[in-house]
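Only one structure is covered here, and it is reproduced in the block below.
The values are calculated or read from the model by the stated rules, or taken from the named source; none is laboratory data. None of the values given here were measured: they were computed from a predicted structure. Every residue, glycine among them, receives a Cβ derived from its backbone with ideal geometry; neighbour counts consider all protein chains shown.
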Amino acid sequence: MEKRVTFSRRTIGILFAVPQLLLIFTFFYWPAGQAVYWSLTLQQPWGGGNIWVGLDNFRSILSSADYWNSIAASLVFAAISTGLAMFVALVLAALTDRQLTGSRFYRVVLIWPYGIAAPALALAFRFILAPEAGFMAVVNQAWPGFWDPGLDGVDAMASIIAAFSWKYVGYNFIFFLAAFQAIPRSLIEAAAMDGSGVIRRFRDIQFPLITPTIFFLLVINITESFQDSFGIVDIMTSGGPANATNLMVYKIYSDGFKGLDYSGAAAQSIILMLLIIVLTIFQFRFIERRVHYR
Amino acid sequence: MVERTPILNFVTHLVLFIGFVLAVAPFVIVAIAASHNLKDVNDVPMPLLPGSDFWLNIKTAWTTADLGPKLLNSFIMAAGVAAGKVIISALTAFSIVYFRYPGRTFIFWLIFVTLMLPLEVRIVPTYAVVANVLSPYQTILDVTGLSWLIEKISGVRIALSFGLLNSYTGLILPLIATATGTFLYRQFFLTVPDELTEAARMDGAGALRFFIDILLPLSRTNMAALGTIMFLWAWNQYLWPLLVTTDQSHATAVTELKQLIPNIGGIPEWNIAMAGTLIVMLPPLIVVVAMQRWFVRGLIATEK
């Protein structure tokens, strides 16, 4: 869509775009290019020259067991937390959309968790799920040694998944509810007239009509699970125990800023960038075209 | 709504109520834990009735993590990002919607691409740029040979250097450098009727006049939505402030939470930690509750 009526002073037009362009050049394109350059060279942490090494950084990363472990942990985290957050949100939104008494109230409250900073809720969950105090301690009293995120990798992963999913249920809920409410009431009433029950209507009318939202949220949740997980991991587990929760962004941070391996961190950034670009392209090409029932 | 389904209605109420409990429980637990003394908070099970040390714990957390100035820093950063986004996105959208100039489509795509890569994945080089924000331009001058030329002609050696670490500018600017708001405005500007522009032009208004007196007042709803969403997003940033503020004086409230994690060994001071968490959680929660309408609207509009 284009405007028919426009202004003719081109210089003014370009000037309006200049602040944004300067910003994205300085803080987006330059660093992104820098990351590519660094990933192909060996950088000294405090400046002072660099050596061209071609794809060596990628080779050494892709042959490191730690890195594959980090990818595996990220994928497990992404899959389980996305699945959990989306399923719970879908159920809650579908039920809220039935508009029984009190649904207004739920519509307000269920959104709250999304407003909270990931590190703040991480600290809250760290307490709630602490093995010696809080709530899992009760379980530990009954079965000693049942739960300890500080020692057991699976427990630690479960903790960060719980914290992340809790926040994103709120987010997904907003979108699912908006999608449900966009479905014309007359459609559902017509189906009810034809004798289909609530479950049948959900399966054959509402669910197909919200598939675009489902796929959209799927991509957003996976991408967010790569980035927004940093605060949760840093506060709850610091990547431990034994790297069980060393997710990709956390590894970039700890290799780059704690290990001062700029080249290795840059190469990891490039791999993560490619992963996210592929996901985004997938979203725009595939989903926007194929999944459209209206 | 259409027919009577008593059993299903019961299940609906039950499930929604469980969802409500799960959504609110962490807030309640944090508040209760923040009100106990050191012994009670570590009791198993923790007493579920509030204790009496609430204000004491809040005070201790406030001084331990030095939250006063930190909350102010968070506020400055969040407000700065929100204001910057609202203004810069409006300018850019105006430029790409209301003007025809060569390279317009190219600029559109340049901005569009920034949606793909979040700050977290290009964090290391962005940090390097912020450490000396003029380094890109220095490198360009060096590589093109311009700095050699200038040195030959004027005898002045060019060494551009301007660090933004530990400054509000360094905190704010990189967070503004994305396209989120631009497309929100673009969608809206495209729906503004052409007749309005024609009428304004006939009355002798130039581009600037039209933008300030007609377009901006019309976009107030969008500004509120975008501002709310960006304020929350910036307030909740963690990784970026953690890196940029090596000096305590510019640290934000969210990064300060790390100081409150009880150290291993000794009885963990969870009551203080939870009091701090509560303080840091509260401002965004208030924004969400007070600005719910704009928040929901902004979320849905910026993402789609």
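Can you tell me which of (1) out of contact with any Leu (no Cβ under 7 Å at 6 or more places or on another chain); (2) within 23 Å of A:Gly170 (Cβ to Cβ); (3) among the aliphatic types (A, V, I, L, M) is the one A:Leu110 doesn't meet?
(1)
Considering (1) within 30 Å of A:Asn50 (Cα to Cα); (2) in contact with a Pro (Cβ under 9 Å, 6 or more places away or on another chain); (3) among the small types (Gly, Ala, Ser), say which one A:Gly231 fails and leave the rest.
Single failed check for A:Gly231: (1).
Taking the conditions exactly as written (surrounded by fewer than 21 Cβ atoms within 10 Å (Cβ to Cβ) and under 11 Å from the mean Cα position of the chain (by Cα)), does A:Ile214 satisfy them or not?
no
Please go through region A:112-155 and give me each residue that is within 7 Å of chain B (Cβ to nearest Cβ) and in a loop (DSSP other than H, G, I, E, B), ordered by number.
The answer is A:Ile116, A:Ala117, A:Ala133, A:Gly134.
Rundown of residues vs (1) surrounded by fewer than 17 Cβ atoms within 10 Å (Cβ to Cβ); (2) more than 29 Å from the chain's Cα centre (by Cα), yes/no style:
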residue	(1), (2)
B:Thr12	no, yes
B:Val41	no, yes
B:Trp55	yes, yes
B:Ala65	no, no
B:Phe99	no, yes
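Within region A:241-264, can you find the residues that are of a type in the set (A, V, I, L, M, F, W, C), in a helix (DSSP H, G or I) and at pLDDT 85 or above?
Taking region A:241-264 first, the residues of a type in the set (A, V, I, L, M, F, W, C) are A:242, A:244, A:247-249, A:252, A:257, A:260.
Those left that are additionally in a helix (DSSP H, G or I): A:248-249, A:252, A:257.
Within region A:241-264, A:Met248, A:Val249, A:Ile252 meet the criteria.
Going through region B:119-167 one residue at a time, which ones are of a type in the set (Ser, Thr, Tyr) and at pLDDT below 75?
Applying the first criterion (of a type in the set (Ser, Thr, Tyr)) to region B:119-167 yields B:126-127, B:135, B:137, B:139, B:144, B:147, B:154, B:161, B:167.
Once the filter is applied, which keeps residues that are of a type in the set (Ser, Thr, Tyr) and at pLDDT below 75, region B:119-167 yields B:Ser147, B:Ser154, B:Ser161.
Select the helices (runs of 4 or more DSSP H) contained entirely in region B:27-129, then report the ones holding at least 2 residues which are in contact (Cβ under 8 Å) with a residue 60 or more places away in the chain, in contact with a Phe, Trp or Tyr (Cβ under 9 Å, 6 or more places away or on another chain) and within 20 Å of B:Thr180 (Cβ to Cβ). Can you show your working first?
Values: elements: B:38-41, B:54-64, B:67-98, B:104-113.
In region B:27-129, the matching helices (runs of 4 or more DSSP H) lie at B:67-98, B:104-113.
Quick check on A:Ile281: is it part of a helix (DSSP H, G or I), within 11 Å of chain B (Cβ to nearest Cβ) and surrounded by 20 or more Cβ atoms within 10 Å (Cβ to Cβ)? Before you say what the answer is, go through the steps one by one.
On the way: part of a helix (DSSP H, G or I): yes; within 11 Å of chain B (Cβ to nearest Cβ): yes; surrounded by 20 or more Cβ atoms within 10 Å (Cβ to Cβ): no.
Considered against the rule, which asks whether it is part of a helix (DSSP H, G or I), within 11 Å of chain B (Cβ to nearest Cβ) and surrounded by 20 or more Cβ atoms within 10 Å (Cβ to Cβ), A:Ile281 comes out as no.
Please work out if A:Asn172 is assigned to a helix (DSSP H, G or I), polar (S, T, N, Q) and out of contact with any Cys (no Cβ under 7 Å at 6 or more places or on another chain). Before you say what the answer is, go through the steps one by one.
Details: assigned to a helix (DSSP H, G or I): yes; polar (S, T, N, Q): yes; out of contact with any Cys (no Cβ under 7 Å at 6 or more places or on another chain): yes.
So A:Asn172 fits the description; yes.
Check A:Phe7, A:Phe27 and return the single one that is touching a strand residue (DSSP E or B) at 6+ places or on another chain (Cβ under 7 Å), within 7 Å of chain B (Cβ to nearest Cβ) and among the hydrophobic types (A, V, I, L, M, F, W, C).
On the way: A:Phe27 fails: touching a strand residue (DSSP E or B) at 6+ places or on another chain (Cβ under 7 Å).
Going through A:Phe7, A:Phe27 in turn, just one is touching a strand residue (DSSP E or B) at 6+ places or on another chain (Cβ under 7 Å), within 7 Å of chain B (Cβ to nearest Cβ) and among the hydrophobic types (A, V, I, L, M, F, W, C): A:Phe7.
Kindly list the number of the only condition in (1) in contact with a Pro (Cβ under 7 Å, 6 or more places away or on another chain); (2) within 20 Å of A:Phe230 (Cβ to Cβ); (3) touching a residue at least 40 places away in the same chain (Cβ under 8 Å) that fails for B:Val280.
(1)
Does A:Ala89 fit the bill of being over 21 Å from A:Met248 (Cα atoms), small (Gly, Ala, Ser) and in a helix (DSSP H, G or I)?
Numbers: over 21 Å from A:Met248 (Cα atoms): yes; small (Gly, Ala, Ser): yes; in a helix (DSSP H, G or I): yes.
Answer is yes for this residue.
Out of the residues in region A:144-178 meeting the condition of being under 13 Å from A:Glu224 (Cα atoms) and hydroxyl-bearing (Ser, Thr, Tyr), tell me which one is surrounded by the most Cβ atoms within 10 Å (Cβ to Cβ).
If we take residues in region A:144-178 being under 13 Å from A:Glu224 (Cα atoms) and hydroxyl-bearing (Ser, Thr, Tyr), then A:Tyr168 is surrounded by the most Cβ atoms within 10 Å (Cβ to Cβ).
Before we move on, is A:Ser225 within 12 Å of another protein chain (Cβ to nearest Cβ), buried (at least 18 other Cβ atoms within 10 Å of the Cβ) and in contact with a strand residue (DSSP E or B) (Cβ under 6 Å, 6 or more places away or on another chain)? Reasoning before the result, please.
Values: within 12 Å of another protein chain (Cβ to nearest Cβ): yes; buried (at least 18 other Cβ atoms within 10 Å of the Cβ): yes; in contact with a strand residue (DSSP E or B) (Cβ under 6 Å, 6 or more places away or on another chain): no.
So A:Ser225 fails the test.
Does B:Val28 satisfy the criteria of being surrounded by fewer than 15 Cβ atoms within 10 Å (Cβ to Cβ), closer than 20 Å to B:Met281 by Cα, facing chain A (nearest Cβ under 10 Å) and β-branched (Val, Ile, Thr)? Break it down into steps so the answer makes sense when it comes.
Values: surrounded by fewer than 15 Cβ atoms within 10 Å (Cβ to Cβ): yes; closer than 20 Å to B:Met281 by Cα: yes; facing chain A (nearest Cβ under 10 Å): no; β-branched (Val, Ile, Thr): yes.
Answer is no for this residue.
Can you confirm whether region B:69-85 contains a residue that is more than 10 Å from every other protein chain (Cβ to nearest Cβ), surrounded by fewer than 20 Cβ atoms within 10 Å (Cβ to Cβ) and of a type in the set (S, T, N, Q)?
No, there is no match, as no residue in region B:69-85 is more than 10 Å from every other protein chain (Cβ to nearest Cβ), surrounded by fewer than 20 Cβ atoms within 10 Å (Cβ to Cβ) and of a type in the set (S, T, N, Q).
May I ask you to list the residues in region A:94-111 that are part of a helix (DSSP H, G or I) and either facing chain B (nearest Cβ under 7 Å) or among the hydroxyl-bearing types (Ser, Thr, Tyr) (or both)? Outline the logic, then answer.
Initial filter on region A:94-111 (part of a helix (DSSP H, G or I)): A:94-96, A:103-109.
The answer is A:Leu95, A:Thr96, A:Ser103, A:Tyr106, A:Val108, A:Val109.
Do any residues in region B:219-235 that are under 12 Å from B:Val287 (Cα atoms) and within 14 Å of another protein chain (Cβ to nearest Cβ) have Cβ atoms under 6 Å from those of residues that are surrounded by 24 or more Cβ atoms within 10 Å (Cβ to Cβ) and polar (S, T, N, Q), where the two are at least six apart or on different chains, and which pairs are they?
B:Trp235/B:Ser74
Checking B:Leu208 against (1) away from chain A (no Cβ under 13 Å); (2) part of a helix (DSSP H, G or I); (3) loosely packed, with under 15 Cβ neighbours inside 10 Å, which single condition isn't satisfied?
(1)
Does A:Arg4 satisfy the criteria of being free of Cβ contacts under 8 Å to residues at least 24 places away in the same chain and either in a loop (DSSP other than H, G, I, E, B) or closer than 23 Å to B:Val86 by Cα (or both)?
Values: free of Cβ contacts under 8 Å to residues at least 24 places away in the same chain: yes; either in a loop (DSSP other than H, G, I, E, B) or closer than 23 Å to B:Val86 by Cα (or both): yes.
The answer is yes for A:Arg4.
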